[in-house]
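> The structure that follows is given in the form of structure tokens.
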Amino acid sequence: METLTQDLRYGYRNLLRHPGFTAVAVLSLALGIGANTAIFSFIDTVLLRDLPVKQPERLLLFGDGKVRGIHGGPPDGPMTLFGWQEYQSFKSNNSVFEGVLAVNSQHARLYLTIPGENATGAPEFALANLVSGNFFDVLGVTPGAGRFFDASADRTLGASPYIVLSDGFWERRFHRSASAIGQPIQIAGFSYTVLGVAPRGFFGIRLGEAPDMWLPLSMQPRMPGGFENMMNEAQMHFVSVMGRLRPGVTSQQAQANVNVLYWQILPAELGTSPSPNDLEHIRHARVDLTPGDKGIAELRKNYETPLQILMIVVAMVLLIACANVANLQLALAARRQKEFALRFAIGAGRWRVARQLLTESLLLAGCGGVLGILVANGEGKLLVHLISTGPRALPLDFRLDQRVLAFTVLLSIATGLVFGLFPAFRSSRVDLNSSLKESKASMAPPGKVTFGRVLVAGQVAISLGLLVTAGLLLHSFSNLISIGAGFDRESVLIFKLDTDSSGYKEDARLASLYRRIESGVSRLPGVASEGVSMFSFNEGQRMLDFKAAGVNLPDEARNTNQNFVSPGYFAALRIPVILGREMNAADTAAAPLVGVVSETFAKEIFGGAANALGRTVVMGDDKKPTQIVGIARDTKPADVRDKDVKMIWSSVYQTPVFVHNLAVRVSGDPTQVAAAVRSTMQSTERNLPIRWMTTLADEVSDSLVKERAIAQLSTFFAGLALLLSAIGLYGAISFAVARRTNEIGIRMALGAERVGVLGMVLRDAMLLAGAGMLIGLPLAWVATREMQSMLYGLGSFDGLSVAGSVAALGIVVLIAGYLPARRAAAVDPMVALRYE
């Protein structure tokens, strides 16, 4: 222990004596360790961490949790969403679960008023999850304050007006005051009572969401949005279901039990006279139980593969950092040879010197690990920012828990050993005679393959592979962002509305509100056109069955995407109507229903645009037919990678429904127009909530958030690897120049020009980098093959990405080699040959 203390003390003093070396080494390690810690922390949060509930390993999810929304019609195939009545049967009649809970698959956007506090101001926005009464009991969660509602809340629809607050909302809104318990809160004109507060860190069963509160699912009929009756509709599927296994029951037994029960209750959903098609559908229906210990996470589905790629990338960055520090230590050891020789001369053993150098390596790694934690925190926040869309950042908890800290500590120790072993071994084998004379004659010839040169070549190879990977991902993202989606995304503002929370019903007054808003906005300076719509890009879809008069269609063709829009919508998005006309002001509720269909709809259903114009279709449960008055160009409403889809646009003035978007095409300063549009809408209807404003271009970009994040992060880490490789190359060449000082002095004494010396050193650097590139190109090709599924519009070899990467690497190599080469050219022959 005393010797270790001496080693630490001496190592600390030695690192302080070389501040430049120490700063570069610690910073290199901090960047490498920090990157690995940040990505591991994200992987731990998204892929590895269990739900913060009691015995999460006993939770099973009904389905895979990958579907959200409201789906009507008879069940078919593996089911993920279920109806309220189906959930009640699962809960009451199974024999394998201690309890079964249900959660509305969509969160509720609520606007609440707290009596006596904000009664005269605008209602406050809050995100809520609607859950079954036994939700907290099945999960085994205890309240942070107050109490939870229980299974009795499910007995009568609309009769359990209770709220459980999240810990974050309790702190933010009530400052953790006990007076919040029992507080009345008004939502959509109905009074609720706060019963309690969830424990800190509890977010429910959906990772990546942070609801402000939980309400009983039985209160769904009182929620704004026009779905008052879906709790009683057998074929309305909208809840996610999860169960807690009884002790001793296996997941296979639970799977069999649940499916037997499911097949028993399905026939009752079809009524007394089911159609043959409906009977065929339910024959294929089943429930696949999946592990629920980690909850439901769309992030897991979206980012599992990218995170695995990023983990490999940052591991390569750390490997480069280790090689970098090893080379720097070798360069420093060349300057410390006399010190080592003196220690050997007075009796120090080789293991004693090697242990001292290993101690210094571990000190460097420890400092890099401490600083790396700070780097990881910043990189974690950057990662959350990159993958977040909308006004709220994803509520991911990057806390430094025991697993993350243990990972960082072990990584730091391993890193110190990796980059410290060879320099320690090399420095313990010093030639006493030449070292004590300060001779550099022991320098190996420039062409000899040494460990340090192998490290540099490896750094260059890995850097080239990372650069090519980043170039491919950037090129792929550029291809995606430039794809046409059937509309003009530029200069369009999108205002996100919550019309279903405005107090209106789906009737003529709602249509009048849309007319008044559009009329007011159209008169504003800088507004070229405007229109409201139920859906904007990548916001969801309304899939509906239809019947086409005079056409016999198979079941799979009787389904289309429907969007409700106002007449100005086509002009606002510049969707061309190629045949017929758009909807107009004459298409009122009293007039026959009209619609505009896409080219694909016209072609697949009627054989072409000319045949479709004037024909009629009956949408869903409509009693009246809809006449096709126009054919518009195909659009991609959900994803730029989608193929052309069948689409019908219906008039929101003829069928008043809640819309969620106002699109405004502007010709002036968008920020000034945005403020004017907000003011106009608020003066038109102060009770109409505007959630946030974005642009159509940003909506398209946000739909590619995964591709954008992986491209940006890969580019960042490839740039970091390039920087570290440049430092490593600089260290290697500096090491070579230090060892060849006498040789360079002899050359210059015999008449060598400084330009020749400069070229000699630069040539050595380029040969070293060239060897690395030759190794790196096959690695890049293998990486391209493995990533092919993530690339869009690129083949197995992208010459532009490879050429750009090689050029960038070559420029950096020249810069990194020029500095020590210039120093070599400035060597004074008299000094270099002093001891010869």
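> Identify all residues within the stretch 781-803 that are surrounded by fewer than 17 Cβ atoms within 10 Å (Cβ to Cβ) and of a type in the set (Gly, Ala, Ser); write none if there are none.
Passing the criteria: SER789, GLY793, GLY795, SER796, GLY799, ALA803.
> Hey, another quick one. Which ones in the stretch 211-240 are touching a Ser or Thr at 6+ places or on another chain (Cβ under 9 Å) and part of a strand (DSSP E or B)?
Scanning the stretch 211-240 gives MET213, TRP214, LEU215, PRO216, HIS237, VAL239, SER240.
> So, ILE265, is that one in contact with a strand residue (DSSP E or B) (Cβ under 9 Å, 6 or more places away or on another chain) and among the aliphatic types (A, V, I, L, M) or not?
Answer is no for this residue.
> Within the bounds of the stretch 658-671, is there any residue that is without any contact (Cβ under 8 Å) to a residue 24 or more places away in the chain, of a type in the set (Asp, Glu) and out of contact with any helix residue (DSSP H, G or I) (no Cβ under 6 Å at 6 or more places or on another chain)? Full working, then the answer.
Step one: filter the stretch 658-671 for residues without any contact (Cβ under 8 Å) to a residue 24 or more places away in the chain, giving 671.
Retained after the next criterion (residues that are of a type in the set (Asp, Glu)): none.
No, the conditions are met nowhere in the stretch 658-671.
> Tell me whether the stretch 157-169 contains one or more residues that are outside any strand (DSSP E or B) and farther than 18 Å from PHE135 by Cα. Break it down into steps so the answer makes sense when it comes.
Of the residues in the stretch 157-169, the ones outside any strand (DSSP E or B) are 157-161, 166-169.
Those left that are additionally farther than 18 Å from PHE135 by Cα: 168-169.
Yes, the stretch 157-169 contains a residue that is outside any strand (DSSP E or B) and farther than 18 Å from PHE135 by Cα.
> Looking at LEU696, LEU729, which is the one that is under 30 Å from ALA35 (Cβ atoms) and outside the structural domain of SER533 (by TED's automatic domain parsing)?
LEU729 is the lone residue from the list that is under 30 Å from ALA35 (Cβ atoms) and outside the structural domain of SER533 (by TED's automatic domain parsing).
> Residues that are within 33 Å of the chain's Cα centre (by Cα), at least 1 per element: which strands (runs of 3 or more DSSP E) completely within the stretch 556-613 meet that?
Output list reads 559-565, 593-598.
> Restricting to the stretch 80-111, count the residues that are over 30 Å from ASN687 (Cα atoms) and more than 26 Å from the chain's Cα centre (by Cα).
We begin by selecting, within the stretch 80-111, every residue over 30 Å from ASN687 (Cα atoms); these are 80-102.
Of the ones still in play, those that are also more than 26 Å from the chain's Cα centre (by Cα) are 82-102.
The number of residues fulfilling the criteria is 21.
> Out of the residues in the stretch 463-477 that are among the hydrophobic types (A, V, I, L, M, F, W, C) and either touching a His at 6+ places or on another chain (Cβ under 8 Å) or crowded, with 24+ Cβ neighbours inside 10 Å (or both), which is nearest to LEU774 (Cα to Cα)?
Only one residue tops the list, namely LEU464.
> Kindly indicate whether any position in the stretch 265-281 is over 28 Å from GLY728 (Cβ atoms), part of a helix (DSSP H, G or I), modelled with pLDDT of 90 or more and aliphatic (A, V, I, L, M).
No: the stretch 265-281 contains no residue that is over 28 Å from GLY728 (Cβ atoms), part of a helix (DSSP H, G or I), modelled with pLDDT of 90 or more and aliphatic (A, V, I, L, M).
> Taking the stated definitions as given, is GLY520 on the phi > 0 side of the Ramachandran plot, touching a helix residue (DSSP H, G or I) at 6+ places or on another chain (Cβ under 9 Å) and crowded, with 16+ Cβ neighbours inside 10 Å?
No: the conditions fail for GLY520.
> So, one more: Can you confirm whether the stretch 170-183 contains a residue that is in contact (Cβ under 8 Å) with a residue 60 or more places away in the chain and either in the same structural domain as VAL239 (by TED's automatic domain parsing) or outside any loop (DSSP other than H, G, I, E, B) (or both)?
Yes, the stretch 170-183 contains a residue that is in contact (Cβ under 8 Å) with a residue 60 or more places away in the chain and either in the same structural domain as VAL239 (by TED's automatic domain parsing) or outside any loop (DSSP other than H, G, I, E, B) (or both).
> Output the residues belonging to the stretch 130-186 that are polar (S, T, N, Q) and closer than 19 Å to GLN88 by Cβ.
Once the filter is applied, which keeps residues that are polar (S, T, N, Q) and closer than 19 Å to GLN88 by Cβ, the stretch 130-186 yields SER132, ASN134, SER152, THR156, SER160.
> Going by the conditions given, is VAL353 at pLDDT 75 or above and not polar (S, T, N, Q)?
Against the criterion (at pLDDT 75 or above and not polar (S, T, N, Q)), VAL353 does not qualify.
> If you don't mind, there's one more thing I want to ask. Name the residues in the stretch 654-671 that are in a loop (DSSP other than H, G, I, E, B) and either under 24 Å from ALA508 (Cβ atoms) or not assigned by TED's automatic domain parsing to the domain that holds ARG515 (or both), would you? Explain how you work it out, then say what you get.
The initial filter retains those residues of the stretch 654-671 that are in a loop (DSSP other than H, G, I, E, B), namely 654-660, 667-669.
Those that are in a loop (DSSP other than H, G, I, E, B) and either under 24 Å from ALA508 (Cβ atoms) or not assigned by TED's automatic domain parsing to the domain that holds ARG515 (or both): GLN654, THR655, PRO656, VAL657, PHE658, VAL659, HIS660.
> Hey, which of the helices (runs of 4 or more DSSP H) in the stretch 1-115, taking only ones fully inside, have at least 1 residues that are buried (at least 16 other Cβ atoms within 10 Å of the Cβ) and modelled with pLDDT of 90 or more? Give the steps one after another, and end with the answer.
Numbers: elements: 2-17, 19-43, 84-93.
Those helices (runs of 4 or more DSSP H) span 84-93.
> Only one of these is outside the structural domain of VAL96 (by TED's automatic domain parsing) and not basic (Lys, Arg): GLU298, GLU269, GLU280. Name it. Walk me through how you get there before you give the answer.
Numbers: GLU269 fails: outside the structural domain of VAL96 (by TED's automatic domain parsing); GLU280 fails: outside the structural domain of VAL96 (by TED's automatic domain parsing).
The match here is GLU298.
> Yes or no: VAL640 within 31 Å of the chain's Cα centre (by Cα), closer than 27 Å to ASN538 by Cβ and modelled with pLDDT under 90?
When the stated conditions are applied, VAL640 passes them.
The values are calculated or read from the model by the stated rules, or taken from the named source; none is laboratory data. Values in this document were obtained by computation on a predicted structure and should not be read as measured data. We place every Cβ from the backbone using ideal geometry, glycine too, and count neighbours over all the protein chains shown.
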